[in-house]
Amino acid sequence: MKNFEYQSLTKIIFGKNEILKLDRELKAYNVKKMLLVYGRSSIKNLGIYKQVLFICEKLGIEVFEESNVRPNPE
């Protein structure tokens, strides 16, 4: 095994209705552009996709999408 160091400053907000905090988080970081990465249909079936796009449009955030991303490992 090769030696390595890893540091992550990622904030994870998880749970029921936590999507409602997205507006606040995007404002706090003054986001202007966002990369939305997702798999297949669950993000759309659950309504999350529409919520994210609505919030980004309201805040004037340009969204770039990468869809159909497969998990690694599958």
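Whenever you get a sec, compute what percent of the accessible area on the chain sits on carbon and sulfur atoms (1.4 Å probe).
Answer for the chain is 53 percent, counting heavy atoms of protein chains only.
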*Say each of residue 63 and residue 25 gets a label point 7 Å from the Cα, pointing the same way as Cα to Cβ; how far apart are those two points in nm?*
1.5 nm
*Which listed residue (4, 19, 41) has the Cα farthest towards the positive end of the charge dipole for segment 1-41, taking +1 on Lys and Arg C-beta and -1 on Asp and Glu C-beta about the Cα centre?*
41
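DSSP loop chymotrypsin sites (Phe, Trp or Tyr not before Pro) in the chain with at most 14 other Cβ atoms within 10 Å of their Cβ, which ones?
4, 6, 14, 29
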_Helix 48-59 axis, angle to the chain major axis (alpha carbon atoms, nearest 10°)_ = 70 degrees
*Before anything else, pin down the relative contact order of the chain: Cα pairs under 8 Å, at least 6 apart, normalised by residue count, whole percent.*
37 percent
*Dipole magnitude of the chain, debye to nearest 20 (Cβ charges: Lys/Arg +1, Asp/Glu -1, about Cα centre)*: 160 debye
*Per residue of segment 64-74, in order, report the coupling 6.51 cos²θ - 1.76 cosθ + 1.60 (Karplus, θ = phi - 60°) as ³J(HN,Hα) in whole Hz, putting x for Gly and Pro.*
10, 10, 10, 9, 6, 6, 8, x, 9, x, 6
*Whats the longest run of the chain with zero trypsin sites (Lys or Arg not before Pro) that are DSSP loop and have at most 14 other Cβ atoms within 10 Å?*
41-74
*Provide, in order from the shortest bin, the percent of all Cα-Cα pairs of the chain in each 5 Å bin, continuing until the bin that contains the maximum pair distance.*
3, 11, 20, 23, 20, 11, 6, 4, 2, 0
*Exposure rank, largest accessible area first [53, 36; 1.4 Å]*: 53, 36
*Given H placed 1.01 Å from N in the peptide plane, which residues other than close sequence neighbours of residue 36 have an amide H under 5 Å from its amide H?*
64, 65, 66
*asked:* Give the residue list of GluC sites (Glu not before Pro) in segment 1-57 that are DSSP loop and have at most 16 other beta-carbon atoms within 10 angstrom.
replied: 5
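The values are calculated or read from the model by the stated rules, or taken from the named source; none is laboratory data. None of these values were measured; they are calculated from a predicted model. With ideal geometry, Cβ positions are generated from the backbone for all residues, glycine too; neighbour counts draw on all protein chains shown. The accessibility values were calculated without ligands, DNA or RNA, using every heavy atom of the protein model including side chains. Shrake-Rupley method; radii C 1.70, N 1.55, O 1.52, S 1.80 Å.
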